[in-house]
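Following: one structure in structure tokens, then a few remarks.
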Amino acid sequence: MAMKLDALFLSEIVPFAVIIGVICARRWYAKKKRIRCASSEKLLRPAGYTLSCQLNDLWINLLTWLMGIVCASILSSTYAATLPNPIFTIFFLALTSGILVVLALRTFSEIENVRQGLHGEQIMGEYLQNLIAQGYKVFHDIPGDGKWNVDHVVVGPAGVFVIETKTKSKKPSRTKQPEHEVIVDGQTLRFPYYTDKKALEQARMNAVWVGKWLSKATGEPVTAQAIVALPGWMVKQTAPAKDVWVMNVKGVPKNITSCSKRLSESAIGKIAYQLDQRCRDVQF
């Protein structure tokens, strides 16, 4: 009976062990032999680059939790009944599985949120591409001084624009407010089911940081206009947000190009160079 259980256990566990072993061995071999991409050229960050990296890590975490659940189930069904204290063993494995299930569900929820945010930043990035033909430079996912980033920065004749993209799901309204409408009251973004008190201040702080950093990097004073872009939402302003534009993503390019000229070609070149250097760190 024990030999049959051992054979069953090995037949269920070995495939997982082989896959993990091969992956680890290949990564170790590539590192030891210094196997790498033929081109060492670093690329500019695409829209949503940070979220893309987070999404990859979350999928790996989810796979890890699922594999743990499967292994715990296999151990429980294969060996628990043969041990001296099967009740304790089954309880321990059930508790382990329960914790892993919670971790898996929480990770899946994070994946959904990150995917939504990534989609929103990619939509904004696609609309901003239309500005390139009009003499603007567009940069995405600019790294900050810490573990944060600026979603998009546009520089061109009309100046420097810092864009924070906020992607929210549409849900049934809790008030009489239309389900497709966001109300800007000067301090907050009021969605039909949720009030965002941080978006405006975050956009404002990002614009201040970009302005200070570019001023120091270029040696010339630079100010940046903060924008909060909302994919898929109609924006209704009951009071203007101080120093921050709030609008649907479709309106961002038009509002930028409607501004009067503020920067010379020389200033645009200096600013774009600094942004290019900061964002050119994608390497395979």
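The values are calculated or read from the model by the stated rules, or taken from the named source; none is laboratory data. Since the model is a prediction, treat every value here as computed from it, not as a measurement. Don't worry about glycine lacking a Cβ; one is built from the backbone with ideal geometry, like all the others, and counts go over all protein chains shown.
For the subset of the range 100-110 comprising residues that are surrounded by 14 or more Cβ atoms within 10 Å (Cβ to Cβ) and hydrophobic (A, V, I, L, M, F, W, C), which member is farthest from Ser73 (Cα to Cα)?
By that ranking, first place goes to Phe108.
From Ser77, Ser11, Ser39, Ser52, grab the single residue that is closer than 30 Å to Tyr273 by Cβ, of a type in the set (S, T, N, Q) and modelled with pLDDT under 80.
On the way: Ser77 fails: closer than 30 Å to Tyr273 by Cβ; Ser11 fails: closer than 30 Å to Tyr273 by Cβ; Ser52 fails: modelled with pLDDT under 80.
Being closer than 30 Å to Tyr273 by Cβ, of a type in the set (S, T, N, Q) and modelled with pLDDT under 80 holds for just one of Ser77, Ser11, Ser39, Ser52, which is Ser39.
Of the conditions (1) surrounded by fewer than 16 Cβ atoms within 10 Å (Cβ to Cβ); (2) in contact with a strand residue (DSSP E or B) (Cβ under 9 Å, 6 or more places away or on another chain), Asp141 fails just one. Which one is it?
(1)
Given the condition within 19 Å of Met234 (Cα to Cα), at pLDDT 95 or above and either among the small types (Gly, Ala, Ser) or not in a helix (DSSP H, G or I) (or both), answer yes or no: does some residue in the range 152-162 qualify? So that I can check it myself, show each step before the final result.
Taking the range 152-162 and keeping what is within 19 Å of Met234 (Cα to Cα), we get none.
Scanning the range 152-162 turns up no residue that is within 19 Å of Met234 (Cα to Cα), at pLDDT 95 or above and either among the small types (Gly, Ala, Ser) or not in a helix (DSSP H, G or I) (or both).
Quick one: which of Leu62, Leu44 is surrounded by 12 or more Cβ atoms within 10 Å (Cβ to Cβ), at pLDDT 90 or above, out of contact with any Leu (no Cβ under 6 Å at 6 or more places or on another chain) and within 28 Å of Arg278 (Cβ to Cβ)? Explain how you work it out, then say what you get.
Working: Leu62 fails: within 28 Å of Arg278 (Cβ to Cβ).
Just one listed residue meets the conditions, Leu44.
Might you check whether a residue that is in contact (Cβ under 8 Å) with a residue 24 or more places away in the chain and among the aromatic types (Phe, Trp, Tyr) occurs anywhere in the range 226-235?
Keep residues of the range 226-235 that are in contact (Cβ under 8 Å) with a residue 24 or more places away in the chain, which gives 226-235.
Then keep just the ones that are among the aromatic types (Phe, Trp, Tyr); that gives 233.
Checked the range 226-235: at least one residue is in contact (Cβ under 8 Å) with a residue 24 or more places away in the chain and among the aromatic types (Phe, Trp, Tyr).
Taking Asp151 as the residue in question, decide whether it is within 30 Å of Lys261 (Cα to Cα), out of contact with any helix residue (DSSP H, G or I) (no Cβ under 6 Å at 6 or more places or on another chain) and of a type in the set (Asp, Glu).
no
Among the residues of the range 227-273, how many are farther than 30 Å from Pro172 by Cβ and buried (at least 17 other Cβ atoms within 10 Å of the Cβ)?
As a first pass, look at the range 227-273 and keep what is farther than 30 Å from Pro172 by Cβ: 242-243, 253-273.
Now narrow it down to the ones that are buried (at least 17 other Cβ atoms within 10 Å of the Cβ): 253, 256, 263, 267-268, 270-272.
The total comes to 8.
Take the conditions small (Gly, Ala, Ser) and under 22 Å from Val184 (Cβ atoms) and apply them to Gly117. Does it pass? Quick ask: steps written out before the conclusion?
On the way: small (Gly, Ala, Ser): yes; under 22 Å from Val184 (Cβ atoms): yes.
Yes, satisfied.
Which of the residues spanning the range 163-178 are in a loop (DSSP other than H, G, I, E, B) and either under 19 Å from the mean Cα position of the chain (by Cα) or in contact (Cβ under 8 Å) with a residue 60 or more places away in the chain (or both)?
Step one: list which residues in the range 163-178 are in a loop (DSSP other than H, G, I, E, B), which gives 166-178.
Within the range 163-178, Lys166, Thr167, Lys168, Ser169, Lys170 qualify.
Select, from Val160, Val138, Val155, Val150, the only residue that is free of Cβ contacts under 8 Å to residues at least 40 places away in the same chain and hydrophobic (A, V, I, L, M, F, W, C). Break it down stepwise before answering.
Numbers: Val160 fails: free of Cβ contacts under 8 Å to residues at least 40 places away in the same chain; Val155 fails: free of Cβ contacts under 8 Å to residues at least 40 places away in the same chain; Val150 fails: free of Cβ contacts under 8 Å to residues at least 40 places away in the same chain.
Unique residue meeting the criteria: Val138.
Just give me the residues in the range 188-213 being among the hydrophobic types (A, V, I, L, M, F, W, C) and out of contact with any Leu (no Cβ under 8 Å at 6 or more places or on another chain), in sequence order. Quick ask: steps written out before the conclusion?
Filtering the range 188-213 down to residues among the hydrophobic types (A, V, I, L, M, F, W, C) leaves 189, 191, 199-200, 203, 205, 207-210, 213.
Result: Phe191, Ala203, Met205, Ala207, Val208, Trp209, Val210, Trp213.
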